[in-house]
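Peer 1: One structure, as structure tokens, below. Some questions next.
Coordinate-derived values only; no laboratory data. Here the structure is a predicted model, which means the values were calculated and not measured. Cβ atoms come from the backbone with ideal geometry, glycine included; neighbour counts cover every protein chain shown.
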Amino acid sequence: MDVINDRREAGPSALTSGKPVDNGKLFCSLLRTCNMYTNKSRLQFLAPLVIFIVLAVFLWRGLSLDPRQLPSPLINKPVPTFKLITLEDAQQNFSNKNLLGHVSLVNVWATWCITCQVEHPILMDIAHASPIPIYAIDYKDDRATALKWLQSHGNPYKMVGFDGDGKVSINWGVYGTPETFVVDKKGIIRYKLIGVLTPEVWQHEILPLIDKL
Amino acid sequence: MIPELGYFALILALGMALIQAIFPLLGIWRDKMSWIVLAKPVALGQFLFLVLSFFCLIYAFVTDDFSVAYVAQNSNTQLPLLYKVAAVWGAHEGSVLLWVTILGFWTALVAVFSKKIPLQMHARVLAVLGFISSGFLLFLITTSSPFRRLLLNTPAQGIDLNPLLQDPGLASHPPMLYMGYVGFSVAFAFAIAALLTNKVDAAWARWMRPWTIAAWCFLTLGITLGSWWAYRVLGWGGWWFWDPVENASFLPWLAGTALIHSLLVTEKRGSFKSWTLLLAICVFSLSLVGTFLVRSGVLVSVHAFANDPARGKFLLLFLAVVIGCGLLLYALRAPFIKGGSYFSLLSRETFLLANNVLLIVAMTTILLGTLYPLIIDALGLGNISVGPPYFNAVFVPLMIPLLFLMGVGPLCYWREMNLKVLLMRLLYPAIIAVFLSLLLLLMTTDKIPVMVFIGLALACWVILVTVKSMLLKGWPLSFNHIGMALAHIGIAVCVIGITMTSYYKLERDVRMQPGDITTVGAYDFKFMGLTNLQGPNYTGLIADFQVTHKDQFVTLLHAQKRLYTAQQIPDTRAAIDAGIFRDLYVALGDPLNNNAWAVRIYYKPFVRWIWWGGLLMVLGGICALKNSISKRYIN
Amino acid sequence: MNHIHKQRAILIALIISCVAIAAGLALYALQQNINLFYSPSQIAAGQAPPAHEFRLGGLVQMHSVHHDNNSLRVTFGVTDNKNSVLVQYNGVLPDLFREGQSVVADGRLDSHNVFIADQVLAKHDERYMPAAVKTFLKQAKS
């Protein structure tokens, strides 16, 4: 009996029949008015479910997206292709080839960078104590000043590439000095440190990593 | 030992929740009385174990048990005791435990207050609650146990609670919000039980109404406290940011407000039945979606909790099961619900219907704005954000007709109203409202911004009409009517606050050295100097500002810049001189050179009215609650 | 009987028009008020709209924060580790604003490709942890 009643009310005839009209369903009948002639009176009650399912699909997709995405650093990616003249000799090159075949550190520094001067004695210690070669990129610097500085303070680097306009450093993802990269045998960046390389970081983070490589 | 006890209690609670979910329904199906009556004791037992577990976590915090990972991450020996307890719900795991415990609390209340409800209905309601509870307990135990121990070494010191959360506003607002969120689960359970039995009538609405109003009160209080907290701590003087997490609490509030009104019609007139059912399902669904949005990290927000896809997936699956089943049941059963009674185009029913339409449309537009970045991202169309301008542009125009109708509705009769009588009733309030607001504006300023006029006039209108409705009703008023009047006046007070602060606030960022004077509005702020500050778990500086108004001393403000020692996180505590008609707000920014500081000075007229309005609404809710409880559950 | 028919039609028409107006309003407002997110690299590639408000996200470049001596004006670089953009802001920076941390700024590009920010937001996570604390914890563990 209920069903019949409901059907009748749902159809257009309910509007003209003298019966009390279910105004409760009236709001839901927004959809019904569209379907008045197809008489699919139950469709309106399905609508909330359908809307929810669509919403849930988007939420599911949303789970796999990271809204805080910032382009990730170059970790676990090959070193970008580069070719720099060395600081000592404009005829010599420092490029990807130099980094292949052995694990190495690449340190980005500049003479104008005060933090780098703090880092310098630590690099000297590492160069003495460890067989790992340290390469350097001299970032947006003056060539003569840099050479003089290394001569007077000591040179921990096996090779120093001179990046006067900073273009190569940008490819490396450098945004401030000092920065230090660990590059493995295949020339893949495995670690990146922003800021001063402290003895703690060297002992607890970089050395264990190098042992694994 | 104690943390293990807590964990064990959770597992026992899960077992009881499963029994509570399954046995009553089986009992009804197989007609076994002993299984049906099992629901009540099991619900109480589940609550007991949840409380035990909750106290175990509090104990771990109070005793600085840093072998528990969650405690180590969110507490510190130097943290004051109050915040050690508040830190229990300061991060993900603890908030979920709070969520479940509160669900247990509501379930226990439903179990106890059941005298007049038919046994089968009662058992079904408890079963639905048990099902929700088991889902969340499973989530808690498998993905986010707060009792996990750090297996290696116990750190000597914890990381500390996020300094932003070290404020009395925070200590109280999440529990209130959760009481609201979770409280709507009772309304949901009643709706599902009604759909299962195919019995939707006035009695059903009468049982459900107090639960809905109680949950609504807590949610209102939670939102109000949250806004107050944001104003003091988070927001640099803002009180609402349309942040996804704020929206997550506002969406169920809007739908819940609609539900209360629609429930009234179902109770008094037997109409709007299927719509009320749908709303009840929607409100709790929105609460769940809100919880999901906050917990899964799918949206960027200032509150963003740690992003863990595994948790998100679990929550979403559970959400899909609960909401999906609810809506499917609705789709199957709602077509057979019998109709209500006739009402005319000009009747209280119509105005309540209009109220529902406006609230739900407002809710939908906010939901759209909140999820739009997600949808665009999911479709691969880019990374966008929807800012406050969108929400303001959409929400404000919808509230204007709502406020207008809020005035008309209470002066209307049920079923049918004579247009002439109605207009006569409305005439004087309308005229007085317009003139009063014009007068108020002309007294204070020479030009009248349209929006301010509209806001003030509508607020006056709502207040006047509400007072008139009380006069027409005559003494003694029912608690129901007083509740309605208080809640509506609360809205009006809130509207006045929002309008005045939005249009007359003055905000200045300045560079100040000790001795400098900055004038904001009619107030002069003199930077007196700095003194050192030593708190229990922070150090910092206090900057003193002397405020004068026409050379009369007003107050001395002490703005703080704190540095929480454990995490080395700086935190700004603004100095606020609160007043009925205005707040003066000074916040210290960064130190600049030459002893100068960046200073933020605000003049915020009527800002307190926003929260007073919220409190009035809560008070109104309590009045209505008193009425409906004494009617349905005690006598 | 016709009476009920008419009333009901009016009511439905009212509801539909209300919903339609709201939907139109919402769509219009969405079009006007969404802020697109751009990274410094996208700006460098010229993808960001000139003279239109958008949102910039990235990290505050090390050693790039510069306060003006006489006003609240502050300039800093925002980088995504590939490219960077100079940002100019006039106001009080948020507490958690610091070099090397992520930041979001609302504003627009001027003719010199300097981003003029109206608002600067620093994001904070529940698990936000400065490096000092991290090493401290590690020491405690080892």
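Peer 1: Give, rounded to the nearest 20 debye, the magnitude of the charge dipole that the range B:122-277 has about its Cα centre when Lys and Arg contribute +1 at Cβ and Asp and Glu contribute -1 at Cβ.
Peer 2: On the way: 10 positive and 6 negative charges, 122 e Å.
It works out to roughly 580 debye.
Peer 1: For peptide B:263-272, how many partner chain Cβ atoms fall within 10 Å of a residue's Cβ, on average?
Peer 2: Rounded to a whole number, the mean comes out at 2.
Peer 1: Can I ask one more? What does the charge add up to near B:Leu317, with Lys and Arg as +1, Asp and Glu as -1, over the other residues with Cβ less than 14 Å from its Cβ?
Peer 2: The answer is +3.
Peer 1: When B:Glu349, A:Glu200, B:Glu416 are ordered from fewest to most other Cβ atoms inside 10 Å of their Cβ, what list results?
Peer 2: Exposure proxy ranking, most exposed first: A:Glu200, B:Glu416, B:Glu349.
Peer 1: Could you pull out the pairs from A:Lys192/B:Lys313; A:Lys83/A:Lys140; A:Lys77/A:Lys148 whose alpha carbons sit more than 25 Å apart here? Don't skip to the end; give the middle numbers.
Peer 2: Details: A:Lys192/B:Lys313 32 Å; A:Lys83/A:Lys140 15 Å; A:Lys77/A:Lys148 34 Å.
Pairs exceeding the cut-off: A:Lys192/B:Lys313; A:Lys77/A:Lys148.
Peer 1: Between the range B:316-360 and the range C:9-31, how many Å separate their Cα centres?
Peer 2: Between the Cα centres of the range B:316-360 and the range C:9-31 lies a distance of 19 Å.
Peer 1: Can you put A:Ser95, B:Ser95, B:Ser34 in order of Cβ neighbours within 10 angstrom, beginning with the fewest?
Peer 2: Least crowded to most crowded, the residues run B:Ser34, A:Ser95, B:Ser95.
Peer 1: With only Lys, Arg, Asp and Glu charged, each at its Cβ (+1 for the first two, -1 for the last two), find how big the charge dipole of the protein assembly as shown is about the Cα centre; round to the nearest 20 debye.
Peer 2: Values: 77 positive and 55 negative charges, 853 e Å.
So the dipole magnitude of the protein assembly as shown works out to roughly 4100 debye.
Peer 1: Around A:Thr198, with a cut-off of 12 angstrom between Cβ atoms, what is the net charge of the other residues, counting Lys and Arg +1 and Asp and Glu -1? Mind showing how you got there, number by number?
Peer 2: Numbers: positive: none; negative: A:Glu119, A:Asp125, A:Glu200, A:Glu205.
With Lys, Arg at +1 and Asp, Glu at -1, the net is -4.
Peer 1: Please name which of B:Ile576, B:Ala69, B:Thr291 has its Cα lying farthest along the dipole of chain B towards the positive end, using unit charges on Cβ (Lys, Arg +1; Asp, Glu -1) and the Cα centre as origin.
Peer 2: Toward the positive end, the furthest listed residue is B:Thr291.
Peer 1: Could you size up the charge dipole of the range B:553-633 around its Cα centre, putting +1 on the beta carbon of Lys and Arg and -1 on that of Asp and Glu, and report it in debye to the nearest 20?
Peer 2: Using only the charged Cβ atoms, the result is roughly 460 debye.
Peer 1: How do B:Lys447, B:Lys604 rank when sorted from fewest to most other Cβ atoms within 10 Å of their own Cβ?
Peer 2: Listed from fewest to most nearby Cβ atoms, that is B:Lys447, B:Lys604.
Peer 1: Between beta-carbons, use under 14 Å as the cut-off and find the net charge around B:Asn594, counting Lys and Arg +1, Asp and Glu -1.
Peer 2: -2
Peer 1: Using θ = phi - 60° and the Karplus form 6.51 cos²θ - 1.76 cosθ + 1.60, what ³J(HN,Hα) does each residue of the range C:74-80 get, whole Hz, x for Gly and Pro?
Peer 2: 9, 10, 7, x, 10, 10, 10
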